[in-house]
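Everything below concerns the one structure shown next.
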Amino acid sequence: MLKEFCAENFTDIPKAIEQGVKRIELCDNLTVGGTTPSAGVIETTVQYAHENNVTVMTIIRPRSGNFVYNDYELKIMETDLIEAKKYGTDGVVIGCLNEDGWLDEEALDVLIDRAVGLEITFHMAFDAMSKENQFKAIDWLVENVVDRILTHGGVAGTPIEDNFEHLKELIAYANGRIIILPGGGVNHANAQLVADALQVNEVHGTKIVSF
């Protein structure tokens, strides 16, 4: 089982790697769900992680709040993605929606184009979509070579165990075409239970290891 540690800045990354973390989602401002970290944090984290054979996924998110972005914010995200790539990030974590609750395909096309050569995770903006749109979004993200979808499977703050049924439906629909990565309420105490219940090989959380 691969444990992805959702990190706020560099501070806890050495301890997390000591505890067996093999992938990091690198963020700032986790109290608002994570925003893009600074160039210095990206550079230092990538260097340290790579010395320890650990992968880094950098979130590209310009602010807290919803996932509907204007042209200025999209330009910020594009520049941040280019910078993260320059500093050697292995992948990026992105998510853009439109006012109708569907994927902002135009914005995602730009970011996916800039991310060529990197892994791509579509983040929990996925959970802000209707269930009907989520299944359609899986098809679109597969077609556009996105690697995984990070999802809680339900409303934020609910126990992830309450969302197993929907997560199983998403995993079955994805059918190996894209990785469904459960997160939000997954921790070192229940990670194995979640992985076993959902038959997944990857789990994600801010407390995925204990230190």
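All of the numbers you see were taken from the coordinates with simple rules; none came from a lab. Because the structure is predicted, anything quoted here is derived from the model rather than measured. Virtual Cβ from ideal backbone geometry, glycine too; neighbours counted across all protein chains shown.
The table below lists the values:
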| item | result |
| --- | --- |
| Under 12 Å, Cβ to Cβ, from residue 16 - net charge with Lys/Arg +1 and Asp/Glu -1 | 0 |
| Value of [θ]222 nm, deg cm²/dmol, for the chain, DSSP H segments ≥ 4, -39500 (n - 2.57) each, nearest 500 | -11000 deg cm²/dmol |
| Qualifying GluC sites (Glu not before Pro) for segment 86-180 [loop in DSSP, other Cβ within 10 Å: at most 14] | 99 |
| Full-extension gain in nm, residue 78 to residue 201, via 0.36 nm per residue minus C-alpha separation | 41.2 nm |
| At R0 = 25 Å, FRET efficiency that the Cβ-Cβ distance of residue 19 and residue 168 yields, to 0.05 | 0.30 |
| Nonlocal amide H pairs with residue 24, under 5 Å, H built at 1.01 Å | 5, 55, 56, 57 |
| Long-range lysine pairs (8 or more apart or interchain), the chain, Cα under 25 Å | 16 |
| Within-13-Å neighbourhood charge of residue 161 [Cβ basis; K, R +1; D, E -1] | -2 |
| Rg/Rh ratio calculated on Cα atoms of the chain (Kirkwood radius) | 0.93 |
